[in-house]
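Student: Mind looking over this structure? Questions follow.
The values are calculated or read from the model by the stated rules, or taken from the named source; none is laboratory data. Treat the numbers as computed from the prediction; the structure is a model and nothing was measured. Note: ideal-geometry Cβ built from the backbone for every residue, glycine included; neighbour counts use all protein chains shown. These accessible areas exclude ligands, DNA and RNA; they are computed on the full protein's heavy atoms, side chains included. Shrake-Rupley method; radii C 1.70, N 1.55, O 1.52, S 1.80 Å.
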Amino acid sequence: MGRLNPILVWSLCLSLCLFLCPTSAQLKTNFYANVCPNVENIVKNVVTQKFQQTFVTVPATIRLFFHDCFVQGCDASVLVASTGNNKAEKDHPDNLSLAGDGFDTVIKAKAAVDAVPQCKNKVSCADILALATRDVIVLSGGPSYAVELGRLDGLSSSSKNVDGNLPKPTFNLNQLNSMFAAHGLSQADMVALSAAHTVGFSHCDRFSNRIYSFSAGNPVDPSLNKTYATQLQQMCPKNVDPDIAINMDPNTPRTFDNVYFKNLELGQGLFTSDQVLFTDARSQPTVKTWAKDNAAFQQAFITAMTKLGRVGVKTGSKGNIRSDCSVLN
């Protein structure tokens with residue numbers, strides 16, 4: 001067998017790495033130090049004002065970030081508005097419930113950043129969304145963490161790219177693990193990120209099957225706490241107004257904390273995809289640990305959010321910086 005050409009081997013390895021390696025190498029926490037050194041404070045001030053106007057800012061912004069990163073990566077493609085010849089991600093059925101306050105937070109933060117001459121058109125919408133997400137988590141009592149920056153905004157946004165790329169409230173553990181693993185996220189990352197539901201809210205139709213039509217023998221999901229199930233039926237009667245939404249954490253709905261895991265131990269997970277984290281023996285130990293140890297949960301959450309923020313990052317010719325977050329350049 002002849003010797004392999006070392007140049008050919010090197011080029012193959014490089015190509016493989018460019019294809020498989022995460023793009024996080026280009027991200028760094030001080031990315032804007034010489035370009036827009038005050039960007040974090042500018043964004044934080046806007047987010048704080050928005051938070052003081054409505055608490056919905058918190059879950060709306062977190063969910064917007066998650067839905068952005070899981071479809072084509074963290075590139076602000078979820079912010080793009082549809083046009084006559086393009087139905088964008090935000091108008092996919094799975095994204096229609098994204099609250100307007102999340103979009104408004106990013107738009108206002110972008111305007112504030114661009115109002116500083118030194119910063120104008122220098123900071124991406126994707127990075128502003130990442131910063132705003134960290135800020136709402138802190139404002140609601142969650143952990144602070146350094147946000148890696150340097151993402152560019154995506155060059156496209158299509159509704160069809162959303163299909164099958166967002167977790168459903170009916171998912172079991174295998175389905176959750178499979179979807180998160182596709183983005184380089186472990187089961188522990190998935191469990192930690194699920195805890196963002198500690199400040200979430202949901203429309204009744206997302207879980208009504210658990211309280212009215214779970215199965216032929218059990219109209220109410222037996223993994224659901226009986227008292228909680230009755231409360232849910234009272235808040236979400238059959239044929240309820242589809243705009244009615246309820247808190248996902250029945251105990252501390254406005255605090256980002258580990259009570260989410262304590263709720264799961266009590267059978268108070270709102271979605272099947274929440275409660276399964278406790279009922280499945282593979283993830284139950286993690287739930288039990290974090291229900292007792294908030295510091296351990298917070299550290300795991302920071303790790304998971306940092307990894308999530310690296311998903312599908314656009315750099316170089318793969319992206320640009322939008323002047324209007326809702327319009328592709």
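Student: Using the eigenvalues of the Cα gyration tensor, what equivalent ellipsoid semi-axes result for segment 173-309 when each is taken as the square root of five times the eigenvalue, whole Å, largest first?
Tutor: 26, 16, 15
Student: Ok, one more. Mind jotting down the distance between the C-alpha centroids of segment 72-111 and segment 161-226, whole Å?
Tutor: When both Cα centres are located, 23 Å separates them.
Student: Still on this structure: With the alpha-carbon atoms as the only input, what is the per residue convex hull volume for the chain in Å³?
Tutor: 183 Å³
Student: Please compute the modelled spin-label separation between residue 230 and residue 161, points set 7 Å along Cα→Cβ, answer in nm with one decimal.
Tutor: Between residue 161 and residue 230, the label points sit 4.9 nm apart.
Student: Considering the chain as a Gaussian network with a 10 Å cut-off on Cα pairs, which listed residue, 316, 102, 84, attains the greatest mean-square fluctuation?
Tutor: Looking only at 316, 102, 84, the biggest GNM fluctuation is shown by 84.
Student: Identify which of 146, 60, 76 has the largest mean-square fluctuation in a Gaussian network model of the chain, with springs joining Cα atoms closer than 10 Å.
Tutor: Result for the chain, Cα springs under 10 Å: 146 fluctuates most.
Student: With the cut-off at 1.5 for a/c, could you classify segment 99-164 from its C-alpha gyration tensor as rounded, prolate or oblate?
Tutor: It is oblate, given that a/c is not under 1.5 and a/b is not larger than b/c.
Student: Here's another thing I want to ask about it. Of 187, 49, 275, which has the largest mean-square fluctuation in a 10 Å C-alpha GNM of the chain?
Tutor: With Cα springs under 10 Å in the chain, the top fluctuation among 187, 49, 275 is at 49.
Student: In the structure shown, do any of 28/262; 44/288; 168/307 have a Cα-Cα gap over 31 Å, and if so which?
Tutor: 28/262; 44/288
Student: Quick check: the distance between the Cα centres of segment 284-329 and segment 135-149, to the nearest angstrom?
Tutor: 11 Å
Student: May I pose another question? Tell me the relative contact order for segment 210-258 as a rounded percent, counting alpha carbon contacts under 8 Å between residues six or more apart.
Tutor: 21 percent
Student: If packing is taken as the average number of other Cβ atoms within 10 Å across a peptide's residues, how do 40-48, 319-327, 222-230 rank, most packed first?
Tutor: With the highest mean Cβ count within 10 Å placed first, the list reads 40-48, 319-327, 222-230.
Student: Given the rule -39500 (n - 2.57) for each run of at least 4 DSSP H residues, summed and divided by the residues of the chain, what is its mean residue ellipticity at 222 nm, to the nearest 500 deg cm²/dmol?
Tutor: -13500 deg cm²/dmol
Student: Same structure, new question: Can you give me the accessible area per residue for the chain, using a 1.4 Å probe, in Å²?
Tutor: Using a 1.4 Å probe on heavy atoms only, each residue of the chain averages 47 Å².
Student: What is the sum of charges around residue 158, taking Lys and Arg as +1, Asp and Glu as -1, for the other residues whose C-beta is under 14 Å from the C-beta of residue 158?
Tutor: -3
Student: Which value, in nm² and rounded to one decimal, describes the direction-averaged projected area of the C-alpha convex hull of segment 34-91?
Tutor: 5.6 nm²
Student: Oh, and also: Got a number for carbon plus sulfur as a percent of segment 173-309's accessible area, 1.4 Å probe?
Tutor: 51 percent
Student: Stretched out fully, how many nm does the piece from residue 146 to residue 54 gain, at 0.36 nm a residue minus the Cα gap?
Tutor: Separation in residues times 0.36 nm, less the Cα-Cα distance, equals 30.6 nm.
Student: Now, a different point. Determine the sum of side-chain charges near residue 59: Lys and Arg each +1, Asp and Glu each -1, restricted to other residues whose C-beta is under 12 angstrom from that of residue 59.
Tutor: Here the charged neighbours net out to 0.
Student: Going out from 0 in 5 Å bins, what whole percent of all Cα-Cα distances in segment 38-161 drops into each bin?
Tutor: Histogramming segment 38-161 at 5 Å steps yields 2, 12, 23, 24, 20, 13, 5, 1, 0 percent.
Student: Another question, then. How about residue 108: which aspartates and glutamates have a C-alpha closer than 13 Å to its C-alpha, ignoring those fewer than 8 places off in the same chain?
Tutor: Reachable aspartates and glutamates: 324.
Student: When the accessible area of segment 38-161 is split by element with a 1.4 Å probe, what percent falls to carbon and sulfur?
Tutor: Taking all protein chains in place, segment 38-161 shows 53 percent carbon and sulfur surface.
Student: In nanometres, what is the gap between the two model label sites at residue 29 and residue 243, each 7 Å from Cα along Cα-to-Cβ?
Tutor: Label-label distance for residue 29 and residue 243, simple model: 4.3 nm.
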